[in-house]
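Okay, so here's the structure we're looking at.
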Amino acid sequence: MLLRVALVFALFMLPSLASAQPVIGLITKTSTNPFFVKMREGAEAAAKSNGARLISGSGKNDGDNVGQVTALENMIAAGAKVILITPNDSKAIVPSISKARAKGILVIALDSPTDPVDASDALFATDNYRAGTLIGRYARAALGTKPARIATIDLFPGHPVGAQRHNGFLKGFGLPAPEAAVNTLGTAAEVVCMADSYGDQTRGQTAMENCLQKNPDINVVYTINEPSAAGAYKALKAKGKEKSVVLVSVDGGCQGVRDVGSGAIAATAQQYPVKMAELGVAAGMAFIKTGKKPSGYTDTGVNLIAAKSVSGVETKDVSTGLQLCFGRK
Amino acid sequence: MLGTLGPLLALIAACLFFASRSERFLTADNLSIVLQQVMVVGVIAIGQTLVILTAGVDLSCGMVMALGGIVMTKLAVDYQLPAALAIAAGIGATTLFGAINGLLVTRLRLPPFIVTLGTLNIAFAVTQLYSNAQTITDVPAGLTTLGNAFQLGGSSVVYGALVMLALYVVAAFALSQTAAGRHVYAVGNNPEGARLSGIATQRVLLGVYMLAGVCYGLAALLSVARTGVGDPNAGQAENLEAITAVVVGGTSLFGGRGFVLSSLVGALIVGVFRNGLTLMGVSSVYQMLVTGVLVILAVATDQFSRRVAQRGES
């Protein structure tokens, strides 16, 4: 009997304890990628300074939608008023987000959009098409007047971020390219090889090795992110081609910026996960206090980090990049 | 017979197809690239073959390999341990995981599928926690020697690929020519019969899982040598690719039947498709499609030949 009373008491206590502090949920793509580790740290710090509690969850791996749905449901159960999410699958997550919004929860997409974009209340993200355009422009200027033979080391088929960076790169390079909303990879005669890396270093190396077999005269390499760029560099170096190739990438992680410093990567477009998290938490706190919802798309900015500046393209140097980078400093 | 010749014929057919589509495919240089791309999966597949021959399966293989790679690189980079000691510690860690798998299978008599599903998650978590989810860079040269290449007839061959081939020769010899090797087949074929004929089946099983752990440790060394870093997210592709290689090679999931060299053929089939399709400019999704079809074909062939054999006996 005593136990039952205690239990009932405890059950009544739980929600009141939880409601003492507003809860903000953060769901990242994975819990291990340094980009999302940094985003979570930024969100935790921002929540703490705002007097809120941050609970976090993630998919098991990049592309895992079900894991994110589970995390979302758990956060609703935990009483989250605001949920920040980086969707693994831009379309598949939409029904779950709709259910959460129908319950009056504010849902903000960070880093990558939902499809359609207005399925979430707001989007705080890097403009990935612009990031691609910047490195495309840099690569064109760095190559000079030589005819281009390009390899693209891509993400995996069907991912909007993969398509936006790839197509933005082509546009920046001055080649015919699909617009930002298109979700398929553009091709051009100058692109002599396209291969998927899944954003992974080992598979990026494998992809580059195979591309060099297809065309040994490749002189420009676009990579989806810096781990795949590190893999591509290893493959180029094994063939003694690392000096004759312009290798560009996207992310701006600390290791990637160091690779720019050492000359492995010519230029990388740096993005800012902490800024996404801080803007998300601030908008969430405003909603909790005033009920005002953010809307639309907010560009969290992107800078081109390069060791050598080229004419006509604005770049920041490696030491600036290192101050702003995510991952192990 | 179909089960062993089939994969080899499939490999030859794939090579002929890609050679007809790209003049670059059948060059010594390209084939050497394929070999170095499959060396990590190939060495994991040796350990996986041993386990599958005993009618088990090791789902933890790739994750245990990732842990081995992190242990050896972290000890060498953060703690400045000499390369040989760091490598030994890494292989020790993977062997320990093999021993845990083996003890749970033999002492607690748990099904290998469940045991290794558990250790798959445990090894992944330990790897992430120990490495703080950070890639370990600036790995000393002592750990990456096997990633270096030497010249052979005008094309470069990576030492690690030779290590893989040597390990296959040793494993094939041990399995077919030694008493211990034949005991592995006996335990997989008919554990009760093997026990009654005086084979210490529990010790054979434990030994198999520990040897598999040693293979994953060696694969970890090759992976570190190939990429030049300790990658906490390594092994995720290799995990299923190694099982795929063994199954496509024709080793029976029911145990007791198969050849370790067929697993090399299985690994090469996967590697040849990945390489060949890129040379043709075709999306990587088709590689998955082909792999899936080959897995089902291989298992169907195995089932079919088992039924024929059983009908012959009765």
Worksheet item: Across region B:221-259, what is the number of residues that are hydrophobic (A, V, I, L, M, F, W, C) and farther than 26 Å from residue B:149 by Cβ?
Response: 8
Worksheet entry | Identity of the residue in region B:226-245, surrounded by fewer than 22 Cβ atoms within 10 Å (Cβ to Cβ) and aliphatic (A, V, I, L, M), that ends up farthest from residue B:120 (Cα to Cα) | B:237
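Here are some residues: B:311, B:274, B:306. Which one is touching a residue at least 12 places away in the same chain (Cβ under 8 Å) and out of contact with any helix residue (DSSP H, G or I) (no Cβ under 7 Å at 6 or more places or on another chain)?
Values: B:311 fails: touching a residue at least 12 places away in the same chain (Cβ under 8 Å); B:274 fails: out of contact with any helix residue (DSSP H, G or I) (no Cβ under 7 Å at 6 or more places or on another chain).
The match here is B:306.
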Worksheet item: Which of the following residues is in a helix (DSSP H, G or I), within 14 Å of chain A (Cβ to nearest Cβ), within 21 Å of the chain's Cα centre (by Cα) and not aliphatic (A, V, I, L, M): B:119, B:127, B:94?
Response: B:127
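Would you mind stating whether residue A:220 is crowded, with 24+ Cβ neighbours inside 10 Å, at pLDDT 95 or above and within 21 Å of residue A:154 (Cβ to Cβ)? Before you say what the answer is, go through the steps one by one.
On the way: crowded, with 24+ Cβ neighbours inside 10 Å: yes; at pLDDT 95 or above: yes; within 21 Å of residue A:154 (Cβ to Cβ): yes.
Yes.
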Discussion item. On the basis of being modelled with pLDDT of 95 or more, surrounded by fewer than 22 Cβ atoms within 10 Å (Cβ to Cβ) and over 22 Å from residue A:261 (Cα atoms), does residue A:190 make the cut?
Written reply: yes
Item to complete: May I ask you to list the residues in region B:39-91 that are more than 21 Å from residue B:122 (Cα to Cα) and outside any helix (DSSP H, G or I)?
Response: B:54, B:55, B:78, B:79, B:80, B:81, B:82
Worksheet entry | Residues (of a type in the set (A, V, I, L, M, F, W, C) and without any contact (Cβ under 8 Å) to a residue 60 or more places away in the chain) located in region B:123-148 | B:125, B:126, B:129, B:141
Item to complete: Check A:152, A:206, A:187 and return the single one that is without any contact (Cβ under 8 Å) to a residue 12 or more places away in the chain, touching a helix residue (DSSP H, G or I) at 6+ places or on another chain (Cβ under 9 Å) and outside the structural domain of residue A:281 (by TED's automatic domain parsing).
Response: A:187
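Go through region A:36-66 and count every residue that is within 14 Å of another protein chain (Cβ to nearest Cβ) and in contact with a helix residue (DSSP H, G or I) (Cβ under 8 Å, 6 or more places away or on another chain). Before you say what the answer is, go through the steps one by one.
Quick first cut of region A:36-66, residues within 14 Å of another protein chain (Cβ to nearest Cβ) only: A:36-41, A:56, A:58-64.
Those left that are additionally in contact with a helix residue (DSSP H, G or I) (Cβ under 8 Å, 6 or more places away or on another chain): A:36, A:38-41, A:56, A:58-61.
Qualifying residue count for the region: 10.
Going through B:57, B:64, B:51, B:43 one at a time, which residue ends up being within 23 Å of residue B:221 (Cα to Cα), at pLDDT 95 or above and surrounded by fewer than 24 Cβ atoms within 10 Å (Cβ to Cβ)? Don't jump to the end; show me each part of the working.
Working: B:64 fails: surrounded by fewer than 24 Cβ atoms within 10 Å (Cβ to Cβ); B:51 fails: surrounded by fewer than 24 Cβ atoms within 10 Å (Cβ to Cβ); B:43 fails: surrounded by fewer than 24 Cβ atoms within 10 Å (Cβ to Cβ).
Selected residue: B:57, the only one of B:57, B:64, B:51, B:43 that is within 23 Å of residue B:221 (Cα to Cα), at pLDDT 95 or above and surrounded by fewer than 24 Cβ atoms within 10 Å (Cβ to Cβ).
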Discussion item. Just the residues that are outside any helix (DSSP H, G or I) and either surrounded by 13 or more Cβ atoms within 10 Å (Cβ to Cβ) or hydrophobic (A, V, I, L, M, F, W, C) (or both), please, taken from region B:130-148.
Written reply: B:132, B:133, B:134, B:135, B:136, B:137, B:139, B:140, B:144, B:148
Worksheet item: Can you name the condition, by its number, that residue B:291 falls short on among (1) β-branched (Val, Ile, Thr); (2) part of a helix (DSSP H, G or I); (3) within 14 Å of chain A (Cβ to nearest Cβ); (4) without any contact (Cβ under 8 Å) to a residue 60 or more places away in the chain?
Response: (3)
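Filter region A:259-318 for residues that are part of a helix (DSSP H, G or I) and among the charged types (D, E, K, R) and give the result.
So the first thing to find is which residues in region A:259-318 are part of a helix (DSSP H, G or I), and the list is A:259-261, A:273-290, A:318.
Once the filter is applied, which keeps residues that are part of a helix (DSSP H, G or I) and among the charged types (D, E, K, R), region A:259-318 yields A:259, A:275, A:278, A:289.
Given the condition closer than 26 Å to residue B:235 by Cβ, within 14 Å of chain B (Cβ to nearest Cβ) and of a type in the set (A, V, I, L, M), answer yes or no: does some residue in region A:179-189 qualify?
Here is the first cut: in region A:179-189, the ones closer than 26 Å to residue B:235 by Cβ are none.
No; the residues of region A:179-189 include none that is closer than 26 Å to residue B:235 by Cβ, within 14 Å of chain B (Cβ to nearest Cβ) and of a type in the set (A, V, I, L, M).
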Practice prompt. Filter the strands (runs of 3 or more DSSP E) completely within region A:191-258 down to those with at least 1 residues that are facing chain B (nearest Cβ under 9 Å).
Written response: A:191-196
Fill in: Residues satisfying the stated conditions in region A:294-313, i.e. within 21 Å of the chain's Cα centre (by Cα) and of a type in the set (S, T, N, Q)
A:295, A:298, A:300, A:303
Practice prompt. Please go through region B:8-36 and pick out each residue that is in a helix (DSSP H, G or I), at the interface with chain A (Cβ under 10 Å from one of its Cβ atoms) and more than 22 Å from residue B:263 (Cα to Cα).
Written response: B:29
Worksheet entry | Of the criteria (1) more than 19 Å from the chain's Cα centre (by Cα); (2) farther than 30 Å from residue A:323 by Cβ, which one residue A:185 fails | (1)
Worksheet item: Within region A:131-162, can you find the residues that are among the hydrophobic types (A, V, I, L, M, F, W, C), surrounded by 23 or more Cβ atoms within 10 Å (Cβ to Cβ) and either closer than 13 Å to residue A:247 by Cα or at pLDDT 95 or above (or both)?
Response: A:131, A:134, A:135, A:139, A:150, A:151, A:153
Worksheet entry | Criterion: surrounded by 24 or more Cβ atoms within 10 Å (Cβ to Cβ), in contact with a Pro (Cβ under 7 Å, 6 or more places away or on another chain) and within 23 Å of residue B:271 (Cα to Cα) - qualifying residue of A:201, A:205 | A:201
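Results for (1) in contact with a Gly (Cβ under 9 Å, 6 or more places away or on another chain); (2) over 20 Å from residue A:138 (Cα atoms), shown as yes or no for each residue.
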position: A:274; (1), (2): yes, yes
position: A:288; (1), (2): no, yes
position: A:296; (1), (2): no, yes
position: A:301; (1), (2): no, no
position: A:315; (1), (2): no, no
Worksheet item: For region A:19-35, what are the residues that are within 14 Å of another protein chain (Cβ to nearest Cβ) and at pLDDT 90 or above?
Response: A:28, A:29
Worksheet, complete the sentence: Going through region A:130-160 in order, the residues found to be farther than 18 Å from residue A:205 by Cα and among the aliphatic types (A, V, I, L, M) are A:131, A:134, A:135, A:139, A:141, A:142, A:143, A:148
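The values are calculated or read from the model by the stated rules, or taken from the named source; none is laboratory data. Values in this document were obtained by computation on a predicted structure and should not be read as measured data. Cβ coordinates were reconstructed from backbone atoms using ideal geometry, including for glycine residues, and neighbour counts include every protein chain displayed.
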